[in-house]
Amino acid sequence: MPIRTYADTSVYGGLHDPAFSDASYTFFDQVRAGRFDLVTSAVVAEELAEAPDAVRDDFEAILPHTEIVEVTAEILDLQAADLDAGILTPQWEDDALHMALATVGNCELVVSWNFTHIVHFQKIPQYNAVNQLHGYDTLAIHSPPEVISDDDNEEGI
């Protein structure tokens, strides 16, 4: 059964960063193969608007395999709760918005290369505590290498 997965902007940008490209390409290949049900948002599209053409082209190429979650009042309320809890400062409100989009969008997994504000050992339990406090499920939050399968016999997470 595919894992409902929110990929933030960094995973798309990772396709063209030598340090992250192999795992990013493998992740998106596994999306196309049906291992992940990919979820994104207009926030990702807006953040990629200033990205190089190749990154925007890759984003557009994966859209047929993607569900887009719209920003709603419920999502903005959860974003505000994350900020009020001090997980992030208002300067990084878009990162809190990604987490709220994934949560309210019923994702099981968030995939990101953002090791400062998202895939961080102190922040993950804080996001999940706020989620639970507000009646939402917890999220698994990982980088692409942690979730991809290296071969057909390995299931990953």
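We did not get these values from a lab; they are worked out from the coordinates using the rules stated. These numbers come from a predicted model, not from an experiment. Here the Cβ is made from the backbone with ideal geometry for all residues, glycine too, and neighbour counts use every protein chain on show.
Quick notes
- Scanning region 118-138 for residues that are closer than 17 Å to residue 79 by Cβ and buried (at least 20 other Cβ atoms within 10 Å of the Cβ) returns 118, 123, 127, 130, 131.
- Selected residue (criterion: nearest to residue 107 (Cα to Cα)) from residues of region 45-61 that are in contact with a Phe, Trp or Tyr (Cβ under 7 Å, 6 or more places away or on another chain) and in contact (Cβ under 8 Å) with a residue 40 or more places away in the chain: 59
- Residues of region 97-116 that are closer than 24 Å to residue 31 by Cα and free of Cβ contacts under 8 Å to residues at least 60 places away in the same chain: 97, 99, 100, 103, 104, 115.
- Answer residue from region 1-36, given it is among the charged types (D, E, K, R) and within 12 Å of the chain's Cα centre (by Cα) and is nearest to residue 145 (Cα to Cα) among those: 8
- Which listed residue, of 142, 65, is within 20 Å of residue 5 (Cβ to Cβ), touching a residue at least 24 places away in the same chain (Cβ under 8 Å) and surrounded by fewer than 16 Cβ atoms within 10 Å (Cβ to Cβ): 65
- Odd one out for residue 13, checked against (1) surrounded by fewer than 16 Cβ atoms within 10 Å (Cβ to Cβ); (2) of a type outside the set (A, V, I, L, M, F, W, C); (3) touching a residue at least 12 places away in the same chain (Cβ under 8 Å): (1)
- Members of region 22-36 found to be out of contact with any helix residue (DSSP H, G or I) (no Cβ under 8 Å at 6 or more places or on another chain) and free of Cβ contacts under 8 Å to residues at least 60 places away in the same chain, listed by number: 22, 29, 33, 34
- Hits in region 27-60 (condition: surrounded by 12 or more Cβ atoms within 10 Å (Cβ to Cβ) and of a type in the set (Gly, Ala, Ser)): 33, 41, 42, 45, 51
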